[in-house]
Amino acid sequence: MAHIHLGEGSFPLWALLLWTLVGAGLISAIVYRIRNGGIKTRQIALAGIGAAASFAVFQLNIPVWGGIHMNLTGLVGILAGPLLGGLIALVVNIFSAALGHGAVGLLGANTLINAAEAIVAYYAFKALMGMDWDVFPASASAATLGLSAGAVLMGAIIVISGVNGSALPRGDLTIAVAGLVGLNLGVAVIEGILTGFVVQFLASVRPDLVGLTDQETREESTGVTA
Amino acid sequence: MQRWQQYGGLLGLIAVCFAAGLWGFTSTGGALPWAKRSAKALQRGVQEGGGALVDLGRGIVVAGPIRKGGMMLEFGGLVALLFVLGIGLYVYVDRCGGFGEEGRSAQ
């Protein structure tokens, strides 16, 4: 659920420019790779559903840990892949900022954070499956790791940037941010377990969606044989 | 890898993250919604606080800026639009096997 919930003008101008440029650079690299490498149309469809689910969940505050929201970016990364996962992070953040949930000026920083969650979750899932893990522990661990990476990145961005109007010295600010990051790790557990159940269910009914078998194999296996 | 090692690894990860979450929860003001917690912690530093980790009485609510800003209709419309587009796209791809460009896209 890592997401910087600060208002417009909370970051100094140089930080705003820096994170916007880095975020734009990441999205440009993703678009370049998609344009060169292409993607399966099936992944685009999954990405559409992933964006819808992620956007809806993003706005719902659940009564755990005092009131938090989930992102489903780990799930999105595992299902749609790292490239589309990054684009979904951008889309969800644009729509959220348009509704007032997250500052428009922090779009670059928030996209970086959420894209990092999807990217880390995807590669962690692939690595764990490559080590012959079962689907549930692999997906739950991967999503938790991805979300944890996003939380740490969020903390680093805030500490590096500093917060306008905060009288806290950098050391105190770092401790306060560490507390926020810690809470995000707690939320990552909930989201990670939820992701594990969703991916395990999908793997049992449509293993091709999670990349466990390809589409051709699935179609052959569902054919009637005499 | 042995199943006990996989679940052991997952449980270890969960334990570490949960302990960090518990520390973060108490050191940043206790039972506060995220936006309020974030603003307070960044302006005033760490402040001990308590409260229930799960408060079912609070229910699931839409994020404050949307609810208080009178944007519920727009939010509902956007969610519905995204779901219709996503599911429509999925059903189309599932039945028709893509947009006829599969050959062009590299895997």
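Looking across region A:26-48 at every residue that is farther than 18 Å from A:I119 by Cα and touching a helix residue (DSSP H, G or I) at 6+ places or on another chain (Cβ under 7 Å), the one that is surrounded by the most Cβ atoms within 10 Å (Cβ to Cβ) is identified as A:A45.
Of the listed requirements (1) acidic (D, E); (2) in contact with a helix residue (DSSP H, G or I) (Cβ under 8 Å, 6 or more places away or on another chain); (3) modelled with pLDDT of 80 or more, B:D55 misses just one: (2). Which condition does A:G171 not pass, out of (1) out of contact with any helix residue (DSSP H, G or I) (no Cβ under 6 Å at 6 or more places or on another chain); (2) at the interface with chain B (Cβ under 7 Å from one of its Cβ atoms), if it passes all the others? The single condition A:G171 does not satisfy is (2).
Quick one: in region A:107-130, which of the residues that are within 12 Å of A:G74 (Cβ to Cβ) and not aliphatic (A, V, I, L, M) is surrounded by the fewest Cβ atoms within 10 Å (Cβ to Cβ)? Among them, the one singled out is A:Y123.
Which ones in region A:4-17 are touching a residue at least 60 places away in the same chain (Cβ under 8 Å) and on the phi < 0 side of the Ramachandran plot?
Taking region A:4-17 and keeping what is touching a residue at least 60 places away in the same chain (Cβ under 8 Å), we get A:4-12, A:15-16.
Those that are touching a residue at least 60 places away in the same chain (Cβ under 8 Å) and on the phi < 0 side of the Ramachandran plot: A:I4, A:H5, A:L6, A:G7, A:E8, A:S10, A:F11, A:P12, A:A15, A:L16.
Would you mind stating whether A:T20 is farther than 26 Å from A:V210 by Cβ and among the hydroxyl-bearing types (S, T, Y)?
On the way: farther than 26 Å from A:V210 by Cβ: yes; among the hydroxyl-bearing types (S, T, Y): yes.
Criteria met by A:T20.
The values are calculated or read from the model by the stated rules, or taken from the named source; none is laboratory data. Quick caveat: nothing in here was measured; it's all calculated off a predicted structure. Neighbour counts are summed over all protein chains in view; Cβ atoms, including those assigned to glycine, are modelled from backbone coordinates with ideal geometry.
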